[in-house]
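Worksheet for the structure shown next.
Please treat every number below as a calculation from the coordinates, not as lab data. Note that the coordinates shown come from a computational prediction; the quantities given were computed from them, not determined experimentally. Cβ: placed from backbone, ideal geometry, glycine included. Neighbour counts: every protein chain shown.
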Amino acid sequence: MSITELMQKIEASSKTRTDSERRTLLRKAHIIDKDGYYDSRYFSAETVAKDRAKKQKVS
């Protein structure tokens, strides 16, 4: 499979993905933690703190 075919496949599947499926993928990729914030193991403390502060203001 070429990179072009792979990108087309990814784009097509992303259009039908639900929000909960997106969150599940982000958790599996260790982008976000179980609470929905950036994963502190892979992002700087500053980035995690900004993310938490931003979400606290919205809630």
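Quick rundown of the values:
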quantity	calculated
Taking only Cα atoms of segment 18-58, radius of gyration then Dmax in Å	10.4, 30
Lysines whose Cα lies under 26 Å from that of K9, excluding same-chain neighbours fewer than 8 positions away	K28
For the chain, size of Cβ-based charge dipole, Lys and Arg +1, Asp and Glu -1, in debye	220
Lys/Arg +1, Asp/Glu -1 at C-beta; the chain dipole; positive extreme among S44, I10, A29	S44
The chain - percent relative contact order, Cα under 8 Å, separation 6 or more	16
Cleavage-rule hits, trypsin sites (Lys or Arg not before Pro), the chain, DSSP coil, Cβ neighbours within 10 Å at most 14	R17, K34, R41
